[in-house]
Amino acid sequence: MSEPQRTPFVDSQLEAAAQARLPGSSIGWLQAARRENLDAFAASGLPDTRMEAWKYTALRALGQRHFASGDEQAASRAVDASAFALPGIDGPALVFVNGVFRADLSRIDALPAGLDLQPLSQALQGDAEPLRFALSRHYREGGDVFARLNAALAGDGVVLRVAAGAKIAQPVHLLFIGAPGEVDLAWHVRHVIELGEDAELSLIEHHASSGDQQHLGTQVADIVLRKGARLRQVTLQDAATGSTLVRHDSVQLDAQAQASLYVLELGGALVRHDLHANLAGDRSRLETRGVFVLGGRQHVDTQMAIRHQALNTSSESVWRGVADQRSRGVFRGAIVVAEGADGSDASLSSKNLLLSGQAEIDTKPELEIYADEVKASHGATVGQLDERSLFYLRSRGIPLAEARSMLTAAFCRAVFEPLPEEGLREHLYHQLMAHLPSA
């Protein structure tokens, strides 16, 4: 096998690693994991479209870019976090600016009983042993190049634990703000989240921008739900239009655990989201619901892999995509019902709208079953707005642009109907409408 071609991007990140002064540098196992992942990143370079996991997302342009390491001014950059407030969400919050924790913008002084919430940079100053299982991972899959880079260079992130039996009433808000800098920056955040037995939590992951910038951000999250735990997570991704954002989330559900994950993808020039879920315990349940709304030359790639590992598990996935102008959306949903996962129930629906003749959406549902007494279904469509519905609205005096917007919004809106927080649900609708084409 030939050596991977060294690119300016790879060189800039290796240079950043050589200069980095990361928290936890005195922890032997953590430093070893960082070196292993950095060596793997250097050996592999960026993947190309010959790799199945990156078949529809070319990284040639990214490979020619140079990103500086971190932001030395992040702690003092003027950022109005109140501009990103969400209706009805005023509980605990962690705020990061260009990947750096900002205590002055966060709310963690009076945490409810049973909730432990702190930035990774602080957690590594104490007993780091509980983080060892997550932070010592070596990413060996060929497509995990950005997870390797994150594991090597992440200097901050979120450590969140909910004690067994604790039910956290107010949602926790994690806000990641991209702020303009003197140069293009690369920042990396790493999250470790665990809900104890029968714990309950609502979590909001929010990516936003305080101005135009073309930074690269990577995020890796390990989420574990112990027996009977319940998690509802809403991700609102509205990063700067020129930015690159790569997220890699792993979710493990033990027996009777339940997770409901909602995703709204709006911003970014190049966005990649890898979501891996393992239903490891009997009668665990996963619900994923997502929408992307794209315009210009945006490119958003969602790769979802769900593995049913135990008895009587269930998963339901409902995803919608809208692409206008010259944008491109990618969605791959792979479900595996492993041997012994009898009684599993899995469904996946991916429906997509093209609003322009130059837009493109590639969707690929996959289903593998190795167990008995399984109920499973999957389907995908890519089409245009229904002409009969458009004619009906126009015949009642509604202008064409407004009619198109109404039908597109209704197409997407159904995804978030089950979300119980009414104020947050209406905010997501408002954000979605603001990104739909007006003509």
Of the candidates Leu105, Leu153, Leu117, the one satisfying the condition of being crowded, with 23+ Cβ neighbours inside 10 Å and closer than 27 Å to Ser210 by Cα is Leu153
Picked from the range 272-288 (must be in contact with an Asp or Glu (Cβ under 6 Å, 6 or more places away or on another chain) and part of a strand (DSSP E or B)), the residue surrounded by the fewest Cβ atoms within 10 Å (Cβ to Cβ) is Glu287
For the subset of the range 224-271 comprising residues that are more than 16 Å from Val293 (Cβ to Cβ) and of a type in the set (Asp, Glu), which member is surrounded by the fewest Cβ atoms within 10 Å (Cβ to Cβ)?
Asp254
Subset of the range 210-256 (residues that are assigned to a strand (DSSP E or B) and either modelled with pLDDT under 95 or outside the structural domain of Ser136 (by TED's automatic domain parsing) (or both))
none
Looking at (1) outside any strand (DSSP E or B); (2) exposed (fewer than 15 other Cβ atoms within 10 Å of the Cβ), find the lone condition where Ile398 falls short.
(2)
Filter result for Asp48 (on the phi < 0 side of the Ramachandran plot, over 21 Å from the mean Cα position of the chain (by Cα) and buried (at least 20 other Cβ atoms within 10 Å of the Cβ))
no
Which of the numbered conditions does Ile204 fail, given that it passes all the others? Conditions: (1) at pLDDT 95 or above; (2) surrounded by fewer than 24 Cβ atoms within 10 Å (Cβ to Cβ); (3) more than 15 Å from Ala259 (Cβ to Cβ).
(3)
Looking only at the range 343-373, and only at residues there that are closer than 19 Å to Arg328 by Cα and β-branched (Val, Ile, Thr), the one that is surrounded by the most Cβ atoms within 10 Å (Cβ to Cβ):
Ile361
For Val382, the lone unmet condition from (1) at pLDDT 95 or above; (2) within 30 Å of Leu59 (Cβ to Cβ); (3) of a type in the set (Val, Ile, Thr) is (1)
Which of the residues spanning the range 177-221 are of a type in the set (S, T, N, Q), over 20 Å from Asp104 (Cβ atoms) and under 19 Å from the mean Cα position of the chain (by Cα)?
Ser202, Gln214, Thr218, Gln219
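The values are calculated or read from the model by the stated rules, or taken from the named source; none is laboratory data. Because the structure is predicted, anything quoted here is derived from the model rather than measured. All Cβ positions, even for glycine, are placed from backbone atoms using ideal geometry, and neighbour counts span all protein chains on display.
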